[in-house]
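Student: Okay, here's the structure, questions in a sec.
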Amino acid sequence: MLALGLVLNTLGIGLFCWLIFVLAVYALPFFVAVTVGMLAFRDGAGVFGALLIGIVSGALTLAAGQLTLTVSRSSTLRVAIATVFAVPAAIAGYQVVFALSQRGAFAGLARGLRLRRCALHRRHGMGAFDRFREDPPVGLGRSGGEYTSTSSYRRHARAMRLRRHQVQQARTETRLNERGARLSER
């Protein structure tokens, strides 16, 4: 029984840590949802109304960020948006690791783990940055559904660049052939 308890406890803690890392990208939408929900409750929307308003505002924040990230062509804007989502994720990751280290360790050991906490919260932030950058909403394209993901858009864009290059090469060859024909006529 003791061995089973230790194994299940370890699996449970590992699952909890994995879940925190995976959900770190949603730190900003969650913060927006809680803040807007609390404001709505304070202003008299009631419990159900505040919950509904909070969920909608969090979902809109996430959707607006992903839509803007997917549609924008400027890499500076993309990095700025991903950073806005990654900074709260890094702060949330740091706070979780800080709380867990204070809870399960001695104070001296927890002070010794500060460097590890910094590395972990940096990993939370960069993981959220990468995950947010790579998980665009499906079905966005120039005509609102042309592409199923950003990778298919990138493949299409690469194919179009290759096609433009081939057309330019053909035009250049045609011009050179015409010039050669004109020179041979003289």
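Student: What number does region 11-66 give for Rg over Rh if you use C-alpha atoms and the Kirkwood radius?
Tutor: Rounded to two decimals, Rg over Rh is 1.13.
Student: Which shape class, rounded, prolate or oblate, goes with region 1-100 when its Cα gyration tensor gives a ≥ b ≥ c as root eigenvalues, a/c under 1.5 marks rounded, and past that a/b bigger than b/c marks prolate?
Tutor: Note, shape of region 1-100 comes out oblate.
Values quoted throughout were computed directly from the atomic coordinates according to the rules given, and no laboratory measurement underlies them. From a predicted model like this one, the values you see are computed outputs, not experimental measurements.
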